[in-house]
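Asks: To start, I am sharing the structure in question, which I have written as structure tokens.
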Amino acid sequence: MTSYTDLVAAITATDSGFSAHVSDDWKQGRTTYGGLSAALCVEAAQRAFPEAPPLRSAQFAFVGPAAGELSIGVKALRQGKSTLFASVDLVGEQGVATHGTLTFGTPRESHIPAYADVACPAVAPPDACKPFHKGDTSQAPSFIRQFDFRVAGGGRPGTGEPPEYLLWIRHRDAAATSLSALIALGDAPPPPAMTLFQKFGPISTMTWALDVVGLPDEDDDGWRLLRSKSETIGDGYSTQEMHLWDSRGRPLILARQNVAIFV
């Protein structure tokens, strides 16, 4: 497999931005899976603006398929004293594949005390949880082999329980510790609406909005707890809420997705 670290290291600067090559082991069907597309956008923006403050928020529209040789264009929309708004287009053979709007912001002092109401669920540690993927995974998307998934709770397929995943996840590439690697990881599990599927059918993420509210420590073990919960399902679409914590229970990413369902 092409590790995340090697894939990102191969991104090269061009006259118009950056270029990247995505190998088949990072695909979901005929396209790069959404989490990696978003991660490539973030990686390119950070390289285009190396002095930018921390990423605070990002919105991605997955417009079309992205595979093979890709170009990445980055443009500053507005840059002030403390914030930078940038747009990123990931472009493949068929045109724009992913469009991203990224917001970077410098930390600032405030008289308001720190506050967070994103309690991490109490679950067993990863080593005590069973693997998410069992048996033959030859029909599963290629990219899942890049990650380790463990079931920590959530709805069980075929039981009628609410559509929710509660999973421990991490990169198999232990060197994948960057912010872009964290974003790639956050979209690795399937939509929780799939727990209600009576038969297999394709899905496609349309939009993903996320807020970065924390970063792991340098001595972090790489495990992340992801809770992904469907809020609405209808007309062939699903909206879902997503929360990502580190193994110490601190929130890292809060997100929402809109997913197209083809069953």
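The values are calculated or read from the model by the stated rules, or taken from the named source; none is laboratory data. What you see is a predicted model; the values in this text were computed from it and never measured. So basically every Cβ, Gly included, is an ideal-geometry build from the backbone, and we count neighbours across all protein chains shown. We work out accessible area using only protein heavy atoms, side chains counted, and drop any ligands, DNA or RNA first. Shrake-Rupley method; radii C 1.70, N 1.55, O 1.52, S 1.80 Å.
Asks: So which of ALA48, ALA76, ALA58, ALA67 is touching a residue at least 12 places away in the same chain (Cβ under 8 Å), surrounded by 14 or more Cβ atoms within 10 Å (Cβ to Cβ), in contact with a Leu (Cβ under 9 Å, 6 or more places away or on another chain) and not aromatic (Phe, Trp, Tyr)?
Replies: Exactly one residue qualifies, and that residue is ALA58.
Asks: Can you name every residue in the stretch 96-119 that is within 18 Å of THR205 (Cβ to Cβ) and open to solvent by less than 30 Å² (accessible area, probe 1.4 Å)?
Replies: ALA97, THR98, GLY100, LEU102
Asks: Checking VAL263 against (1) crowded, with 17+ Cβ neighbours inside 10 Å; (2) part of a loop (DSSP other than H, G, I, E, B); (3) of a type in the set (A, V, I, L, M, F, W, C), which single condition isn't satisfied?
Replies: So the condition that VAL263 fails would be (1).
Asks: Go through (1) aliphatic (A, V, I, L, M); (2) touching a residue at least 60 places away in the same chain (Cβ under 8 Å); (3) open to solvent by 60 Å² or more (accessible area, probe 1.4 Å) and name the single condition ALA38 misses.
Replies: Exception for ALA38: condition (3).
Asks: Another question, if that's okay. Please go through the stretch 93-109 and give me each residue that is of a type outside the set (Asp, Glu) and without any contact (Cβ under 8 Å) to a residue 40 or more places away in the chain, ordered by number.
Replies: GLN94, GLY95, VAL96, HIS99, ARG108
Asks: Would you mention how many residues in the stretch 210-241 are in a strand (DSSP E or B) and either over 19 Å from CYS129 (Cβ atoms) or open to solvent by 10 Å² or more (accessible area, probe 1.4 Å) (or both)?
Replies: The qualifying residues number 16.
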